[in-house]
């Protein structure tokens, strides 16, 4: 049971207070211009680095595993920068979720590779948009619905807080995105969308349940990797595009990339390795903007201890 759920069950008033405080903080962040919100995030990231809580230790563990040849001091500098960037992404949530859609989308100042996405869409077999936890994936999800390629379907797992779930659902769907549950019914909806030639957005670097993944290398480490994308692609012939919203001065650059060709392989392990390598490629374009704070290797093959 999640910690939040325990509190709801045992201390409902405390849980509601925390819920209200979080939403109030998001509304405060929405009052700030983007540079100020980023400054707040950077400050919290620096504080996190100084205090070295579990989040900072996880970041260092992941970087040690993924960049073993990197100089230790350089790795620590990257870890500190990553924490600042992650907290900036959190601080940007006020603008991304609560500003009017047009104002939020005005933060997109540059676009690179849109023709690649348009060409994939024109094939009319559907598009699987692979969106790693890099830069600001929330803004990317919003942008996909206004870039001229029609509405998207995006997987959505609601948080335990009903008020926060409603806020996030409304924010993500406010320009036409269809939020799809992470269950069998939701997978059916994704198939339907792809067969209609639409775009489906998937975050590929979350740790799935053991029944929904297989191990494949990610920066040289065994990582339980979702099989959903491969299953959807093989059933529909959809094209795959990798995308992310890179944080740049005064806004964001939307970037779309061609994945590794083996991502279309009918051999599952080959396709999963290509998926992870495609993610690696864009991560290396902006390594400090990747969410290294996530316990990507928390599930390991039998007999192997997780590193956390």
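Write down the percent of antiparallel bridges among all DSSP beta bridges whose residues are both part of segment 101-287, to the nearest 5. Numbers along the way, then the final one.
On the way: 13 of 33 bridges.
The answer is about 40 percent antiparallel.
Could you estimate the translational diffusion coefficient of segment 103-250 from the Stokes-Einstein equation, with Rh from the Kirkwood formula over C-alpha pairs, at 20 °C and 1.002 mPa s, in whole µm²/s?
133
Per the helix-only calculation at 222 nm, which mean residue ellipticity applies to the chain, given -39500 (n - 2.57) for every DSSP H run of n ≥ 4 and division by its residues, nearest 500 deg cm²/dmol?
Rounded to the nearest 500, it is -15000 deg cm²/dmol.
Shape of the chain from its Cα gyration tensor (a ≥ b ≥ c, root eigenvalues): rounded if a/c is under 1.5, otherwise prolate when a/b > b/c, or oblate? Could the numbers behind the result be given before it?
On the way: a/c = 1.32, a/b = 1.12, b/c = 1.17.
Rounded, since a/c falls under 1.5.
Can you tell me, using C-alpha contacts under 8 Å and at least 6 residues apart, the relative contact order of the chain as a whole percent?
The normalised contact order for the chain reaches 23 percent.
Since every read-out is calculated from the coordinates, none of them should be taken as a lab result. Remember, predicted model here, so these are calculated numbers, not experimental data.
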